[in-house]
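Asker: Take this structure first; my questions come after.
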């Protein structure tokens, strides 16, 4: 089992994109469980747990080495986004081991075979709402990732 250990996501309405996994923007991954809950508390207590996300309309391919500690062979396509005050979450995450998502994005489809991925553009940029969650992302299969709170 490889996976992404534990982490924090901004989880959005699951009807937004047709995903086989829980739709999300990663805040930080490759954490241990205890630190993930500590970081959740720190962000929630200081900045809340709901964040508007501006999603760019252009579909993009994401490399398998998106994160420093990534040894998975998962290619993906999805969308980049921007989150107001993202740097505040980055600063909060600095004291915890893990990989912060410096370029916020959501993956719509994952595959071990990059040739099976075809990004789809949205008609327009959209704004969605993400709710901060602690997640178990240890499984190799993204459809087996789960929320812990």
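The values are calculated or read from the model by the stated rules, or taken from the named source; none is laboratory data. Everything numeric in this text was worked out from a predicted model, so none of it was measured. FYI the Cβ positions are ideal-geometry reconstructions off the backbone, even for glycines, and counts take in every protein chain you see.
Asker: Within the range 72-92, take every residue that is under 14 Å from the mean Cα position of the chain (by Cα) and part of a helix (DSSP H, G or I) and give me the one that is surrounded by the most Cβ atoms within 10 Å (Cβ to Cβ).
Answerer: Checked the range 72-92; the qualifying residue surrounded by the most Cβ atoms within 10 Å (Cβ to Cβ) is 89.
Asker: Mind checking which residues of the range 93-139 are within 15 Å of residue 63 (Cβ to Cβ) and part of a strand (DSSP E or B)?
Answerer: 99, 105, 107, 109, 110, 111
Asker: Can you tell me which of (1) modelled with pLDDT under 95; (2) under 16 Å from the mean Cα position of the chain (by Cα) is the one residue 112 doesn't meet?
Answerer: So residue 112 meets the others, but not (2).
Asker: Looking at the range 1-57, which of the residues that are part of a helix (DSSP H, G or I) and touching a helix residue (DSSP H, G or I) at 6+ places or on another chain (Cβ under 8 Å) is surrounded by the fewest Cβ atoms within 10 Å (Cβ to Cβ)?
Answerer: Only one residue fits best here, namely 46.
Asker: When the residues of the range 97-106 are filtered to those that are in contact with a helix residue (DSSP H, G or I) (Cβ under 8 Å, 6 or more places away or on another chain) and surrounded by 19 or more Cβ atoms within 10 Å (Cβ to Cβ), which remaining residue is farthest from residue 17 (Cα to Cα)?
Answerer: 98
Asker: Being within 13 Å of the chain's Cα centre (by Cα), at pLDDT 95 or above and more than 20 Å from residue 117 (Cα to Cα) narrows it down to one residue among 8, 39; which is it?
Answerer: Criteria check complete, one pass: 8.
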